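J.: Quick one: structure below, then a few questions.
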Amino acid sequence: MSFEKKIEFRLKIILFLFCCFVLLLIINLSKMMLFSNLNEPEEDTLLERLTKEEKKKTAKLPLNIIKPKEISSITLPRGMIYARNLEKLAFSVKKKILVLDKRKVIEDKGAVAILSEILNTTYEELNKKFHSTNRNWIELVDDLDDEKLLDEIRRRLKKYENAFAFQTKYKRVYPHKNFLSHIIGYVSRDNRGLYGIEAAADDVLSGRNAKNKIFQEPIGILFYDKKILSSFSGSNVVLTIDFNIQQIVEQELDLIQSYYHPKSITCIVMRPKTGEILALANRPDFDPNEVNKITDPEVLRNYAISDWYEPGSTQKIVTAALLVNEDLVDDSKIINCPGRYKIYEHTYHCFNKVTHGDQTFAQVIANSCNIGIIKLVANVPKNLIYKYLLNFGYGITTGLGLIGERAGAVKPPERWSGLSKYSISIGQEITVTALQLINSLMVIPNGGALLQPRLIKEIRDDNNNVVISNDTPIIIRQAISEKTAKRVSRYLMEVIESGGTGQKAKIKGIAVAGKTGTAQTIDQQTGGYSKEDSIASFFGYFPEDKPEYAILVIVNQAGKGASGGLTAAPAFKNIAVRILEYKENYPVSDIKTAKVAPIYENDDYIEINKRENALKNKNTVDIRLDREKNHLMPDLTGKSKRECLNILSEILKEYNINLKIEGAGYLYYQSIKPNNIIKKEQTLILKFRG
Amino acid sequence: MIKGKLFDQIIFMLLIFFFLFGVIMIYSASGYQAYKLHNLYPHYYAVRQLMFGIIGLLIVFFINSINLDGSRDYVKYFVLITLILLIAVLIPGIGNKVSGARRWIKFFAFKIQPSEFAKLAIIMFLANFIDKRRNKMDSFLEGFLPPMIIVGIFMVLIVLEPDFSTAMLIGLIAVIVLFIGGINFKYLVGLFVVGIIFGGFLIIHSPYRINRIKGWVLGETDPLNKGYHITRSKLALATGGFLGKGLTHSEVKIAGLPEAHTDFIFAVLGEEIGFLGAIFIIFFYLLLLYRGLKIARDTQNVYFKFLALGISVMIAVHTFINIAVVSGALPPTGVTLPFLSYGGSSLLVFMASIGILMNISNTIIKGEK
């Protein structure tokens, strides 16, 4: 064979082999890419059968692995939370963590025993820790700065040295502990915001938005924007909270707590004309550094935004604004208070059953005279009252954005009973949260404008340059005219004067305006309004002519004899005096306005009513009798607590019913179903919710 | 010279396509890792590959324009320089150690990998040798032993780095070229037996190779350890499906497949452009192979013939083995995918090879004229 022919022949052999190989390759590739079932093994070989148990454990693993991981918890610290003058409220510190690959140790009981000894725990506890999670890497020591411990591990567990590793992790630190805890909130172990600002501003603080962009749109890696990448680490959030005022409030609440031992206390300080929240505190509270040690979840509750209550007399500010704005009352009008006043078989009293006699409108407000107000609203159409409630921001959340914020309940006028108009005008049958209330009542110092409350002042990047400034007040709507606001403000000043209910809030040399409130609470035992417990509140602002601070103090169930004037007003005064001492001169800022939403005109609220009615179309209720003249249980669904009690009042006595009430708001559950016969000494459970 | 027939246009087009597509794929596959490892700079690997590619293109034009027949005088120097580099890379201080292996020599900002150049050196040496001894190839002493000694020295030096896969690859390319070159078949059988014994010895003495082969056999049963890369790349291919997830939409490169832009770039490619895209890429490789073999067939110059053959075999072996590894048909070895895998030395060698093919093609065109 010649050289050329030999080459030709051998080349063909190689080509043939190549072709076979390529064919097999493509078959294999198509089998894998087009016909593979990700969950089922492709073939059951002997080896695979032998390791079937192992396979079961890891069967899901590959799919989990391709889920994009977050990088925030691995490399980058979370942004800081500051008070308004850049006092650090929350920051992240790097911690060295000792981790252990449990797979390598778990079989060796001796090693686990030695390890538990080194770590100062018991064998059982460590073993439990190993088995409590599916993860292979266990966090052994949270904050490793003890070299001795490491040395000991190295010495005594030399065999397993490979099983140990270090991890750096960022740990969230709240240097002021309970300070502002309900607003700041807390994070999970892997640094995700779970509560408070940590949760509400989680995207900003963790910078996760930017990261997600890269994961969810991997095309961004090819055509990405460098800015997005550089803003990876979390931005810093500056709150509107004034550190010093918050400090004052926290200390004063501690004093009230130790003095009255109430069920809860809430205090909010806001700045009129801007809507900034300067301080907000609740008792009980918690230490966000040690959230895992909390046993009673109630302490986490941010009463200021999550709990609603009947505002009581502070509501008279809204009623007064309505009367003045609609020109239904003038200063010369004399209103007589006979001490008791009967409407539809229901007798209204003034607080402590005082008889006020003849009063001007200013005195009605100053005395917090229920009957005076009731007489004045007698001719006001209920739709008008409803319209003012909406305009003052009742019934919807303030839009602060914190987790757990709720809106109080306001019924549409169609569902009002004959008494509702009067009850609502003195602060019953409606509910609000503390934040809603202070924000609504700030309409008066704001010259009639309802503002959006604000908690975040600015966002700063990791070099602390301001990225977003949130300085412009947002006017939701002009609820009443400026003239009205000024006139009501004048009445509120008289509340503080001697003789008024709020005289304990008087501060020498400073014009203070305010209003007391004492709302009744439901007694869990009797099911009626409690005789002893009440919610004492005081809303006030100062200086009256150029308001800088508005404060709402709410003391829940401070015991017998507590009232807005006696319990909450002094607390207001203490806080106010200390704020004045801290701010020797008042900054006067130029206010710019952002946007104005239209007033709820008649047509609007009629529309709203229609929508509400479509949702909750309920008939009026009375108790019916069957043929044997047994009383039948009415359907109380959607009724307020007070309505229910009014409807049932006679039945309860006659049948000696054992009544139990749970929750607040409107009825959603009754243990005796509608149209069932009511029997003697039956137990009736009523459950209410918002 | 005839206008429009200045050089082999099909091969040149294929080269440009592979080069640019390679840069895009490397960008896609490495962006995430580059971002993490290189100071938040996701272009890192892609830009480097682009720079090497541009240097490579200059080399292509250079080689295309020289008198290639005259280069056979320099083959021995090229082999000698490569040998020196292969020895130099083993010396600590010169050789750059990365994860236990000394494979790179630092050269300013770049690291060159002598074993990549060794492939081309061996091919040139064999082509020259076969040309000179074309009628004595059947003999043991004159045809079989000399190339085997040279190739053996190369392989031993590369195994010492250690880089077992490249050594085996060079051996495989040499054996195929020598087989076509007319070496006696029974010597090759003998060599195969010796090779198996030698290979077995090496595998037993380096446990990581056992693990790799175990991982390949065990496959998915041990996704965290031994078959790690294979499990991930299989998963990538399987999730890619027929049309793929779209260019740059690979998930495996973000979680699970480290260094996705090197030897396993075909997994990312399969995941992103799917079975259809992968078949197209394979088709382009076959087209390149066809052109290379056609050139080898058409040229009358035996040196050129075996140069073209060797280069075609090198590209084919690289491509087939790489795809076989990524799709789990062979145990994992560090074989790059020509033009698409990240790596400057590898890209330069393949581009220079294309330059040689183009040059030979030119001589055929000129000859026709």
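Just so you know, all these numbers are worked out from the coordinates, no wet-lab data involved. Note that the structure is predicted; figures quoted are calculated from it, not measured. Positions of Cβ are backbone-derived with ideal geometry, glycine not excepted, and every protein chain shown enters the neighbour counts.
J.: Which residue fluctuates most in the GNM of chain B (Cα springs below 10 Å): B:A352, B:A109, B:A316?
T.: In the Gaussian network model the winner is B:A109.
J.: OK, next. Size of the dipole of region B:9-368 about the Cα centre, Lys and Arg at +1 and Asp and Glu at -1 on the beta carbon, nothing else charged, in debye to 20? Intermediate values should be presented prior to the final figure.
T.: On the way: 28 positive and 17 negative charges, 74 e Å.
Roughly 360 debye for region B:9-368.
J.: With +1 on each Lys and Arg Cβ and -1 on each Asp and Glu Cβ, and nothing else charged, work out how big the dipole of region A:244-582 is about its Cα centre, in Debye to the nearest 20. If you can, show how the numbers build up before the last one.
T.: Numbers: 35 positive and 34 negative charges, 203 e Å.
Taking the Cα centre of region A:244-582 as origin, the dipole is about 980 debye.
J.: Computed FRET efficiency, Cβ-Cβ of B:I84 and A:L17, R0 25 Å: what is it to the nearest 0.05? Mind dumping the intermediate values first?
T.: Numbers: r = 35 Å, r/R0 = 1.40.
Efficiency for this residue pair is about 0.10.
J.: Find how many whole Å separate the alpha carbon centroid of region A:462-510 from the alpha carbon centroid of region A:88-154.
T.: So the two Cα centres are separated by 55 Å.
J.: While we're on this one: For chain B, with the dipole built from +1 on Lys and Arg beta-carbon atoms and -1 on Asp and Glu ones, taken about the Cα centre, which of B:Y35, B:N64, B:F350 lies farthest toward the positive end?
T.: Of B:Y35, B:N64, B:F350, it is B:N64.
J.: How fast does region B:9-368 diffuse by Stokes-Einstein, in µm²/s, taking the Kirkwood radius from C-alpha pairs at 10 °C and 1.306 mPa s?
T.: Values: Rh = 21.1 Å.
This corresponds to a translational diffusion coefficient of 75 µm²/s.
J.: May I pose another question? Running Debye on region A:288-360 with equal point scatterers at the Cα sites and no solvent, what base-10 log of I(q)/I(0) appears at q = 0.12, 0.14 Å⁻¹?
T.: Rounded to two decimals, the profile gives -0.60, -0.70.
J.: Which cross-chain or sequence-distant (5 or more) residues have an amide H under 5 Å from the amide H of B:R102, H modelled 1.01 Å from N in plane?
T.: Answer set, sorted by chain and number: none.
J.: Report, by chain and number, residues whose modeled amide H sits under 5 Å from the one on A:Y549, excluding near sequence neighbours (fewer than 5 apart, same chain).
T.: Hits under the 5 Å cutoff: A:F542.
J.: Mind checking region A:273-374 for GluC sites (Glu not before Pro) that DSSP puts in a loop (not H, G, I, E or B) and that have at most 11 other Cβ atoms within 10 Å?
T.: Details: sites: A:E276, A:E290, A:E298, A:E326, A:E345; in loops: A:E326, A:E345.
Those satisfying the criteria are A:E345.
J.: What does the charge add up to near A:T355, with Lys and Arg as +1, Asp and Glu as -1, over the other residues with Cβ less than 15 Å from its Cβ?
T.: Working: positive: A:R340, A:K342, A:K353, A:K375; negative: A:D358.
Cβ neighbours under 15 Å give a net charge of +3.
J.: For a footprinting-style exposure proxy, rank A:E4, A:E252, A:E581 by other Cβ within 10 Å, fewest first.
T.: A:E581, A:E4, A:E252
J.: Related question: Check A:V141: other-chain or 5+ apart residues with amide H under 5 Å from its amide H, H built from backbone geometry?
T.: A:L98
J.: Using the reciprocal of the averaged 1/r over all distinct C-alpha pairs, how large is the Kirkwood radius of region B:9-104 in Å?
T.: Numbers: mean 1/r = 0.0607 Å⁻¹.
Evaluated over region B:9-104, this radius sits at 16.5 Å.
J.: Compare the Cα positions of B:L15, B:V189, B:Y45 along the charge dipole of region B:9-368 (+1 at Cβ of Lys, Arg; -1 at Cβ of Asp, Glu; about the Cα centre) and return the one farthest towards the positive end.
T.: Result: B:V189.
J.: Within 10 Å of each Cβ in B:291-303, how many Cβ atoms from other chains are there, averaged over the peptide?
T.: Other-chain Cβ atoms within 10 Å of each residue's Cβ, averaged: 1.
J.: Tell me, what is the FRET efficiency for A:N465 and A:F9 to the nearest 0.05, using R0 = 60 angstrom and their Cβ-Cβ distance as r?
T.: Working: r = 76 Å, r/R0 = 1.27.
Once rounded, the FRET efficiency stands at 0.20.
J.: Please identify the helices of chain B, taking whole runs of DSSP H, that span at least 15 Å along their own axis as judged from the Cα atoms and have a mean Kyte-Doolittle score of 1.0 or higher. Show your work: numbers first, answer last.
T.: Working: long enough: B:9-37 (40 Å, 1.59); B:44-65 (32 Å, 1.55); B:75-88 (19 Å, 2.56); B:114-132 (26 Å, 0.85); B:145-160 (22 Å, 2.81); B:164-180 (24 Å, 2.76); B:185-205 (30 Å, 2.06); B:207-218 (16 Å, -0.30); B:228-240 (18 Å, 0.02); B:265-298 (38 Å, 1.46); B:302-326 (35 Å, 1.94); B:344-368 (36 Å, 1.08).
Counting only whole DSSP H runs, the qualifying helices are B:9-37, B:44-65, B:75-88, B:145-160, B:164-180, B:185-205, B:265-298, B:302-326, B:344-368.
J.: Still on this structure: Roughly how big is region B:62-178's charge dipole about its Cα centre, with Cβ charges of +1 (Lys, Arg) and -1 (Asp, Glu), in debye to the nearest 20? Walk me through the intermediate numbers first.
T.: On the way: 12 positive and 8 negative charges, 47 e Å.
So the dipole magnitude of region B:62-178 works out to roughly 220 debye.
J.: Give a quick list of trypsin sites (Lys or Arg not before Pro) in region A:661-690 that DSSP marks as loop, anything other than H, G, I, E or B, with at most 13 other Cβ atoms within 10 Å. Kindly include the intermediate steps, with their values, before the conclusion.
T.: On the way: sites: A:K679, A:K680, A:K687, A:R689; in loops: A:K679, A:K680.
Answer in residue order: A:K679, A:K680.
J.: Right, next: Projected onto the charge dipole of region B:75-131 (+1 at Lys/Arg Cβ, -1 at Asp/Glu Cβ, origin at the Cα centre), which of B:S115, B:I87, B:V98 gives the Cα projection farthest towards the positive end?
T.: The one lying farthest along the dipole's positive direction is B:V98.
J.: Ok, one more. Could you work out the mean count of beta carbons from other protein chains within 10 Å of each residue's beta carbon in B:168-181?
T.: Averaged over the peptide's residues, the number is 2.
J.: Next up: Considering every Cα-Cα pair within region A:244-582, what fraction, in whole percent, is farther apart than 28 Å?
T.: Numbers: 21769 of 57291 pairs.
In whole percent, the long-distance tail amounts to 38.
J.: Something else: Per residue of region A:15-32, what does 6.51 cos²θ - 1.76 cosθ + 1.60 with θ = phi - 60° give for ³J(HN,Hα)? Whole Hz please, x for Gly and Pro, Karplus curve as stated.
T.: Per residue, the Karplus-derived 3J(HN,Hα) values read 4, 4, 4, 4, 4, 4, 4, 4, 4, 4, 4, 5, 4, 4, 5, 5, 4, 6 Hz.
J.: Order by neighbour count: B:I365, A:I256, fewest other Cβ atoms within 10 Å first, most last.
T.: On the way: B:I365 16, A:I256 21.
Taking fewest neighbouring Cβ atoms as first place, the list is B:I365, A:I256.
J.: Give the separation of the Cα centroids, region B:161-179 to region B:15-64, in Å.
T.: Between the Cα centres of region B:161-179 and region B:15-64 lies a distance of 26 Å.
J.: On average, how many beta carbons from a partner chain sit within 10 Å of the beta carbon of a residue in A:16-27?
T.: Details: counts 0, 1, 9, 1, 0, 7, 8, 0, 3, 9, 7, 1.
The per-residue average across the peptide is 4.
J.: Counting other beta carbons within 10 Å of each residue's own, what order do A:R78, B:R48, B:R72 fall into, fewest first? Before the final figure, lay out the partial values.
T.: Details: A:R78 28, B:R48 21, B:R72 18.
So the residues, fewest neighbours to most, are B:R72, B:R48, A:R78.
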